[in-house]
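The values are calculated or read from the model by the stated rules, or taken from the named source; none is laboratory data. Source: prediction; values computed, not measured. Methodologically, a virtual Cβ is constructed for each residue, glycine included, from the backbone with ideal geometry; neighbour enumeration extends over all protein chains shown.
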Amino acid sequence: MATLLNELAARGMIAQVSDPGLERMLEEERFTVYAGFDPTARSLHLGHMLPIMGLAHFQRAGHRVIVLVGGATGMVGDPSGRSSERNLLSPEQVAENVVCVRGQLSRFLAFDGANPAILADNRDWIAGMSFIDWLRDVGRHFKVSQMLAKESVRKRMESEEGISYTEFSYMTMQAYDFLHLFESHGCRLQAGGSDQWGNITAGIDLVRKVRGEAAYGLTFPLITTAAGEKFGKSAGNAVWLDPELTSPYQLYQYWVRTDDRDAGKYLKYFTFMPLPEIEALCAEHAKAPEKREAQKRLAAEFTRLVHGEQGLARARRATDVLFGAEIEGWTDAELLDIFNDVPSARAPGAALGQGALLVDVLAAAGVFASKGAARRLIQGKGLYLNNRRVDSADARLTPESLASESIAVIRKGRKGYHVVRFE
Ligand code: YSA
């Protein structure tokens, strides 16, 4: 049997460990491990999923897991991995984000059963401390020279903008969290992306100084794409876990578009598929990459993990529509999501009840330059209404011509989609 760290390493999920003895200790003792997430937005994004998957592996191996949402640290802003100062969020914004992020985190780990995970908020132990107490009880354990040597601070000190005292102090808060969780829950291990190394080691040092005991750290690699683009971005926008911000269909499509060079890596990171199964799938994929089997499996596994079986079914049904499946029984919102980048036109809703000629309406709406052009396409068997071929140039619209509350989808030829909104 592979050890937990062996398995994580084989999945490419380990960047650094603070102590080579950690692998053996994790086999011999049950550890409590934590990772933190700052509520900087109302949703987590794909990058956050690597530490979450990491924690899930720990939980599956029988260790106790704490997920921390940074109600206090989110008020300050972590300088790690950032080249410029953050805009401070308002207390109301942070509080609102905490609620949303907590809800998301609670879905990926087991919070009941024999080994339940714990959800913590550092606001609970930091917000009540006075500034004077903080400087006397926490601050005095930190040497400024060591703080300045951390990469997160050093990089910013070298930049023109520098670093504010606020962000400079961030690491003391995260270090104090580790000490607090050590004392309250016997937590001896902190995990996070590799940008968190400085904050994690600050906590390890604090536990040693204050308690004279050993604590450990482990980081996951920060994900970058083979093409050198920022991971988890689609056309410059973050891919979110909140279905209101990134629909299940968009999420599914993000993974389907994964570069062949990244597919195997992401299957290891973002699914619980056993490694031999991933290797077999990748071997099959290499024989016929154009089928995108590895990407499709990745998209399916991940969409199911985040949005459940129903969300996956919706994403797949939406994908089928783009490949020509008949379009019926959708909502306007769903269709606008699927066809978000195709031209759209408006037509009068009355045309449906009056049985207007399709060619007249399409020409008036600007989908065709003229009625003649529409007719010619129908005669050439190239016009589709809701992905059903229009067989007659005399076809008329009816209320049944709609695919949702107010939308009909027109297709010219194989891929020329237009959305027509009847209002
Ligand atoms: C941690 C511990 C505390 O006691 C208090 C607060 C924190 C939060 C931490 N300082 C932080 O700011 N984390 S984060 O909200 O920016 O990201 C959450 C986790 O996702 C971090 O471990 C981060 O390294 C990881 N992450 C984000 N994007 C990533 C990624 N990991 C891998 N690849 C990416 N692209």
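Can you tell me which of (1) closer than 30 Å to GLY139 by Cα; (2) free of Cβ contacts under 8 Å to residues at least 40 places away in the same chain; (3) within 16 Å of the ligand (Cβ to nearest atom) is the one GLY236 doesn't meet?
(1)
Identify the single condition in (1) within 13 Å of the ligand (Cβ to nearest atom); (2) under 24 Å from ALA15 (Cα atoms); (3) modelled with pLDDT of 95 or more that GLU229 does not satisfy, given that it satisfies every other one.
GLU229 satisfies all of (1) within 13 Å of the ligand (Cβ to nearest atom); (2) under 24 Å from ALA15 (Cα atoms); (3) modelled with pLDDT of 95 or more except (3).
Here are the criteria: (1) surrounded by fewer than 20 Cβ atoms within 10 Å (Cβ to Cβ); (2) of a type in the set (A, V, I, L, M); (3) closer than 26 Å to ASN340 by Cα; (4) away from the ligand (no atom under 16 Å from the Cβ). Tell me which single one ALA288 does not satisfy.
(3)
What are the residues in region 220-265 that are part of a helix (DSSP H, G or I) and among the β-branched types (Val, Ile, Thr), if any? Step through it out loud before you land on a result.
Looking only at region 220-265, we keep the residues that are part of a helix (DSSP H, G or I), and these are 248-256, 260-265.
Residue satisfying the conditions is VAL256 alone.
Kindly provide the set of residues from region 104-138 that are exposed (fewer than 14 other Cβ atoms within 10 Å of the Cβ) and outside any loop (DSSP other than H, G, I, E, B), ordered by number.
Selection gives ASP124, PHE131, ILE132, ASP133, LEU135, ARG136, ASP137.
Checking VAL98 against (1) outside any strand (DSSP E or B); (2) near the ligand (Cβ under 8 Å from one of its atoms): exactly one of these is not met. Which one?
(2)
Within region 152-177, track down each residue that is touching a residue at least 60 places away in the same chain (Cβ under 8 Å) and within 13 Å of the ligand (Cβ to nearest atom). Walk me through how you get there before you give the answer.
Start the filter on region 152-177 by keeping residues that are touching a residue at least 60 places away in the same chain (Cβ under 8 Å), which leaves 152-153, 155-156, 159, 161, 163-164, 166-170, 173-174, 177.
The answer is SER152, GLU167, SER169, TYR170, MET173, GLN174, ASP177.
Just to be sure I understand the filter: pairs with C-beta atoms under 7 Å, separated by 6 or more residues or on different chains, first member in region 381-393 and without any contact (Cβ under 8 Å) to a residue 40 or more places away in the chain, second member surrounded by fewer than 17 Cβ atoms within 10 Å (Cβ to Cβ) and not in a strand (DSSP E or B). Which pairs pass?
Within 7 Å, the pairs are GLY382/GLY413; ARG389/LYS381; ALA393/GLN379.
What is the one condition in (1) part of a helix (DSSP H, G or I); (2) under 27 Å from LEU305 (Cβ atoms); (3) away from the ligand (no atom under 14 Å from the Cβ); (4) not acidic (Asp, Glu) that LEU181 does not satisfy?
(3)
So which helices (runs of 4 or more DSSP H) stay within region 1-70 end to end and still have 3 or more residues that are more than 16 Å from the ligand (Cβ to nearest atom) and within 24 Å of LEU305 (Cα to Cα)?
Values: elements: 4-10, 22-28, 49-60.
Helices (runs of 4 or more DSSP H) meeting the threshold: 4-10.
Tell me which residues, restricted to region 34-65, are crowded, with 22+ Cβ neighbours inside 10 Å and over 19 Å from the mean Cα position of the chain (by Cα).
TYR34, PHE58, VAL65
Looking at the structure I just gave you, is ARG107 in contact with a His (Cβ under 9 Å, 6 or more places away or on another chain), away from the ligand (no atom under 14 Å from the Cβ) and more than 28 Å from SER169 (Cβ to Cβ)?
no
Sort out for me the strands (runs of 3 or more DSSP E) sitting completely within region 305-423 that have 3 or more residues that are of a type outside the set (Ser, Thr, Tyr). Outline the logic, then answer.
Details: elements: 344-347, 383-385, 407-412, 416-422.
Where strands (runs of 3 or more DSSP E) fall fully within region 305-423 and carry at least 3 residues being of a type outside the set (Ser, Thr, Tyr), they are 344-347, 407-412, 416-422.
Scanning for something over 16 Å from the mean Cα position of the chain (by Cα) and in contact (Cβ under 8 Å) with a residue 60 or more places away in the chain, does region 275-282 turn up at least one residue? Spell out the reasoning first.
Applying the first criterion (over 16 Å from the mean Cα position of the chain (by Cα)) to region 275-282 yields 275-282.
Now narrow it down to the ones that are in contact (Cβ under 8 Å) with a residue 60 or more places away in the chain: 275.
Scanning region 275-282, I find at least one residue that is over 16 Å from the mean Cα position of the chain (by Cα) and in contact (Cβ under 8 Å) with a residue 60 or more places away in the chain, so the answer is yes.
Examine region 203-219 for a residue that is among the aliphatic types (A, V, I, L, M), within 19 Å of LYS268 (Cα to Cα), within 12 Å of the ligand (Cβ to nearest atom) and assigned to a loop (DSSP other than H, G, I, E, B), and state whether such a residue exists.
The initial filter retains those residues of region 203-219 that are among the aliphatic types (A, V, I, L, M), namely 204, 206-207, 210, 214-215, 218.
Pick out the ones that are also within 19 Å of LYS268 (Cα to Cα) and you get 218.
Now restrict to residues that are within 12 Å of the ligand (Cβ to nearest atom): 218.
Subset that is assigned to a loop (DSSP other than H, G, I, E, B): none.
No - not one qualifying residue is present in region 203-219.
Take the residues in region 75-103 that are touching a strand residue (DSSP E or B) at 6+ places or on another chain (Cβ under 9 Å) and surrounded by 19 or more Cβ atoms within 10 Å (Cβ to Cβ); name whichever of them is nearest to GLU160 (Cα to Cα). Walk me through it before giving the result.
Filtering region 75-103 for residues touching a strand residue (DSSP E or B) at 6+ places or on another chain (Cβ under 9 Å) gives 80-81, 97-98, 101-102.
Imposing the further condition that a residue be surrounded by 19 or more Cβ atoms within 10 Å (Cβ to Cβ) reduces the set to 80, 97-98, 101.
Details: SER80: 17, ASN97: 31, VAL98: 32, VAL101: 33 Å.
Here the answer is SER80.
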